[in-house]
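We did not get these values from a lab; they are worked out from the coordinates using the rules stated. Please read these numbers as outputs of a predicted model, since none were measured by experiment. Reconstructed Cβ throughout: ideal geometry from the backbone, glycine too, with neighbour counts over all protein chains shown.
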Amino acid sequence: MQTINPTLVPFKILYTGDKIPVIGLGTFGSDNYDAETIAQAVKIAIKMGYRHIDCASVYGNEKEIGIALQEVFAEGIVTREELWITSKVWNDKHKQVVESCKQTLADLQLNYLDLYLVHWPFPNFHAPKCDVTARQPNSVPYIHADYLKTWAQMESLVEMGFVKNIGTSNVTIPKMKLILRDCKIKPVLNEMEIHPHFQQPELYKFMKDNGVEVIGYSPIGSPGRPERDKTPEDTVDMEDPIIVAIAERLGVHPALVCLKWAVQRGQITIPFSVKTDKMYNNLKGITEGPLTEEEMVAVSKIDKCCRLIKGQVFLWESAKSWEDLWDLNGEITK
């Protein structure tokens, strides 16, 4: 197996002083791969040189990943302190954050998490494989007073030593303004969809200006995303002429251009793959052959505002469209 020296991988320093590698392995593959396959990919990735693994309870594979982690520890490949492990509390556990985190720790067989995120700011019960046309009576929009109660539990995890850093995911500028105004412990990171055709420059700048680092998911345009998230108007990042031309100059796959752009732009990226060659190329790709300044400018101009993970499964009964999830149709409930 080809490997990359982990010290070659850049990192970001958070406001807490902790260092997070700029590339991690995503583990959301529950629609296409079984838990054992993803756990094996985690083990291979760590042997290869990855030191950042992005997990979530709703992915349904944390028990298997926990076994893989214990195996790499036992084999002396890496120590716990050398890894960055992220997980997330799912929507139906917003009132049981501490219990959910403890379950994740038990499943992963860890004593602490480096980062724990609120996966979505909506307290509903949709499972990952549900239909986008579904509406549940108990699904509700973002209610800031309720989210603050969830966030207070997140803060308590830091105080209890179960979690080193806490953050948000899939929040907008209006939501983050309220969270920053009222929180006791500021989020260290926000995880959000970012790829060349969906760059979210305003939200990205807002986070950076407020000392909140950014993790971008679906960094190559999520070609393997669930069918429920695909719509006719979706575009394909890796087929964009600008991305293809840069890939040809560098002699790499267009996916690597997307990852190089992400890291050079200043965000953290978490591509998903279970294929050894792709995992290796992704890791190696961000350590060599950077984009030129002219190419970075060129990529900045191909943003098509094409959100791929629209979140339709989280809509409440009175919602007009998925745009309501992203505060595009009016004020949020404060």
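Some observations on this one:
- The helices (runs of 4 or more DSSP H) found entirely in the stretch 228-291 that carry 2 or more residues being more than 20 Å from the chain's Cα centre (by Cα) and surrounded by 19 or more Cβ atoms within 10 Å (Cβ to Cβ) are 241-250.
- Looking across the stretch 47-67, the residues that are farther than 21 Å from His119 by Cα and surrounded by fewer than 24 Cβ atoms within 10 Å (Cβ to Cβ) come down to Lys47, Met48, Gly49, Arg51, Ile67.
- Candidates in the stretch 136-161 are the residues that are assigned to a loop (DSSP other than H, G, I, E, B) and surrounded by 14 or more Cβ atoms within 10 Å (Cβ to Cβ); of these, the one that is nearest to the chain's Cα centre (by Cα) is Tyr142.
- Scanning the stretch 177-192 for residues that are under 23 Å from Lys19 (Cα atoms) and buried (at least 19 other Cβ atoms within 10 Å of the Cβ) gives Pro187, Val188, Leu189, Asn190, Glu191, Met192.
- Residue count, the stretch 22-46 (criterion: outside any helix (DSSP H, G or I) and surrounded by fewer than 20 Cβ atoms within 10 Å (Cβ to Cβ)): 6
- Some residue of the stretch 211-219 being touching a residue at least 40 places away in the same chain (Cβ under 8 Å), touching a helix residue (DSSP H, G or I) at 6+ places or on another chain (Cβ under 7 Å), under 26 Å from Arg181 (Cα atoms) and buried (at least 19 other Cβ atoms within 10 Å of the Cβ): yes
- Among all residues of the stretch 53-63, there is none that is in contact with a helix residue (DSSP H, G or I) (Cβ under 6 Å, 6 or more places away or on another chain) and closer than 16 Å to Asp277 by Cβ.
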